[in-house]
Amino acid sequence: MNADGFTSKNLPKPLWLCAELTYSCPLQCPYCSNPVDFAWQKDTLSTEDWIRVLRQARRLGAVQLGFSGGEPLLRRDLETLVSEGRKLGYYTNLITSAYGLTEARIKALKEAGLDHIQISFQAGVKELNDFMAGTEVFEHKVASARLVKQYGYEVVLNFVIYRDNIDHIDVMLEMAAEIGADQVELANVQYYGWAFLNRDRLLPTKEQVERAEQIAHEYQEKFKGRMRVLFVVPDYYEERPKACMNGWGNLFLTIAPDGTALPCQAARQLPGLEFPNVRNHSVEWIWNESPAFNRFRGFDWMREPCRSCPERFKDFGGCRCQAYLLTGDPANTDPVCSLSPHHDLVLAAIASARASAQQHSDKGKIVFRNVRNSVRAAH
């Protein structure tokens, strides 16, 4: 028997499997969602390990398979894993920076059966994109996006939105349209991992978010029927929390590069939880029986005001990682909720970021994701 009376027979199934193949990445984005101590995660799963995980998750009910990282293209066995995913009946998705996405690689992935490629951009112009990436990659990204289109894929571009680029949404969308993108995701930074370290430097003002959202709506109409435009508002400016991962242990299963199984990519930072590893346990046991996956499943774990709030069936109490990062306790109500007794912490964070924006615009005052900074962050 699990949380809230769930049993292995009536538990939801992990429909989406996120395979984080590696934390290695040639880019140094200061908003990366990878752990700030990623440099200590050395022991990655073998090809055989990953194939076993894919098979077990598929038997359990997973249908969507996302290959992520770091940069998944750094794995030389990526095509082998894509091919196995296709044989098992997954819909496969590559989430990539496009670094290393050559025509030969696109062709090989197509032959392996890859269904979908999403390319991330740091900005709509070369100078800012390459600054935030920590390397010159903008022109390669654009060329790769064109090749993706040439090989018959939908072109899906993900622009990560933060203070320095949010006022140029129109530039990003015009560039995407010129490339021939089928979908553009304007994804405001969510403040976990490296982004949490750089929150004062990255968080836009509410006025910036409102202007950007309005522009996004205008372009939705402009490109209606031609290019889909999605705009994701940063949590800190919402009155109610998002339904994080559609609920803990409810839909999403992430496997980290070392085999640690997680309800979401950021969960391994949470205290008091021992997350199981696929080297030691089956995916079925992990999903159905492990204490970590049952800790925040359902509603019985909730405190007030969530416990008696009718919105709990929509938002599941919000994000456990956000609750921990802001309040120190993952069982608290997500502080972005205006009903949370800790909502003042979000307001203080917004005020701090606004003060930072007014004091300087120095691009050097930022912590980039790299091994040197990872070691410092871990100690």
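The values are calculated or read from the model by the stated rules, or taken from the named source; none is laboratory data. Computed from a predicted model, the values in this text were never measured in an experiment. A quick note on method: Cβ atoms are made from the backbone with ideal geometry, for glycine too, and the neighbour counts reach across all protein chains shown. The protein model used for the area step is the full one, side chains on, heavy atoms only, and it has no ligands, DNA or RNA in it. Shrake-Rupley method; radii C 1.70, N 1.55, O 1.52, S 1.80 Å.
Values as computed for the structure displayed
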| quantity | calculated |
| --- | --- |
| J(HN,Hα) series, the stretch 273-286, from Karplus relation 6.51 cos²θ - 1.76 cosθ + 1.60, nearest Hz, glycine and proline x | 10, 9, 7, x, 10, 5, 6, 10, 9, 6, 4, 4, 5, 4 |
| Antiparallel DSSP beta bridges within the chain, as percent of all bridges there, nearest 5 | 10 |
| Exposed-loop-free span, longest in the chain, where trypsin sites (Lys or Arg not before Pro) count as exposed if DSSP calls them loop and at most 15 other C-beta atoms lie within 10 Å | 77-223 |
| Listed residues TYR219, LEU147, TYR162: farthest to the positive end of the dipole of the stretch 123-236 (Cβ charges) | LEU147 |
| At q = 0.19, 0.21, 0.27 Å⁻¹, base-10 log of I(q)/I(0) for the stretch 303-362 (Debye sum, equal scatterers on each alpha carbon) | -0.67, -0.76, -1.05 |
| Accessible area per residue, Å², the stretch 241-379 with all protein chains present, probe 1.4 Å | 44 |
| Spin-label model distance (nm) - ARG59 vs GLN269, 7 Å beyond Cα toward Cβ | 3.5 |
| Kirkwood Rh in Å, taken over all unlike Cα pairs in the stretch 208-344 | 16.6 |
| Under-5 Å amide H pairs with PHE121, H placed in peptide plane, nonlocal only | ASN158, PHE159, VAL160 |
| Relative contact order computed over the chain (Cα-Cα under 8 Å; 6+ residues apart), in percent | 21 |
| Diffusion constant of the stretch 268-379 at 25 °C, which comes from Stokes-Einstein with the Kirkwood Cα-pair radius and 0.890 mPa s, µm²/s | 145 |
| HN-Hα J in Hz across the stretch 76-93 - Karplus 6.51, -1.76, 1.60, θ = phi - 60°, x for Gly and Pro | 6, 9, 4, 4, 4, 5, 4, 4, 5, x, 5, 4, 7, x, 6, 8, 9, 10 |
| Tail beyond 37 Å, pair distance distribution of the chain (Cα, percent) | 18 |
| At R0 = 56 Å, FRET efficiency that the Cβ-Cβ distance of GLU178 and LYS42 yields, to 0.05 | 0.85 |
| Long-range HN-HN contacts of ARG228 with modeled amide H, under 5 Å | GLN183, VAL184 |
| Full-stretch length increase - LYS13, PHE299 - with 0.36 nm per residue and alpha-carbon distance subtracted | 101.2 nm |
| Separation between Cα centres of the stretch 251-310 and the stretch 340-357, rounded to whole Å | 28 |
| Cross-link reach list, lysines versus LYS110, counting only Cα pairs under 30 Å and skipping chain neighbours closer than eight places | LYS13, LYS42, LYS87, LYS126, LYS141, LYS149, LYS224 |
| The chain - charge dipole about Cα centre, Lys and Arg +1 at Cβ, Asp and Glu -1, debye rounded to 20 | 680 |
| Selection from VAL278, MET175, GLY249, by position along the positive dipole direction of the stretch 156-279 (Cβ) | VAL278 |
| Translational D in µm²/s for the stretch 1-157 (Stokes-Einstein at 25 °C, 0.890 mPa s, Kirkwood Rh from C-alpha pairs) | 146 |
| Karplus 3J(HN,Hα) series, Hz, for the stretch 95-103 with 6.51 cos²θ - 1.76 cosθ + 1.60 (x for Gly, Pro) | 10, 9, 7, 6, 5, x, 7, 7, 4 |
| Nearby lysines by direct alpha-carbon distance to LYS242 (threshold 19 angstrom, same-chain neighbours under 8 apart not counted) | LYS206, LYS314 |
| Value of Rg/Rh across the stretch 245-311 [Cα atoms, Kirkwood radius] | 1.00 |
| Potential lengthening between ASN280 and LEU74 on full extension [0.36 nm per residue; Cα-Cα distance subtracted] | 71.6 nm |
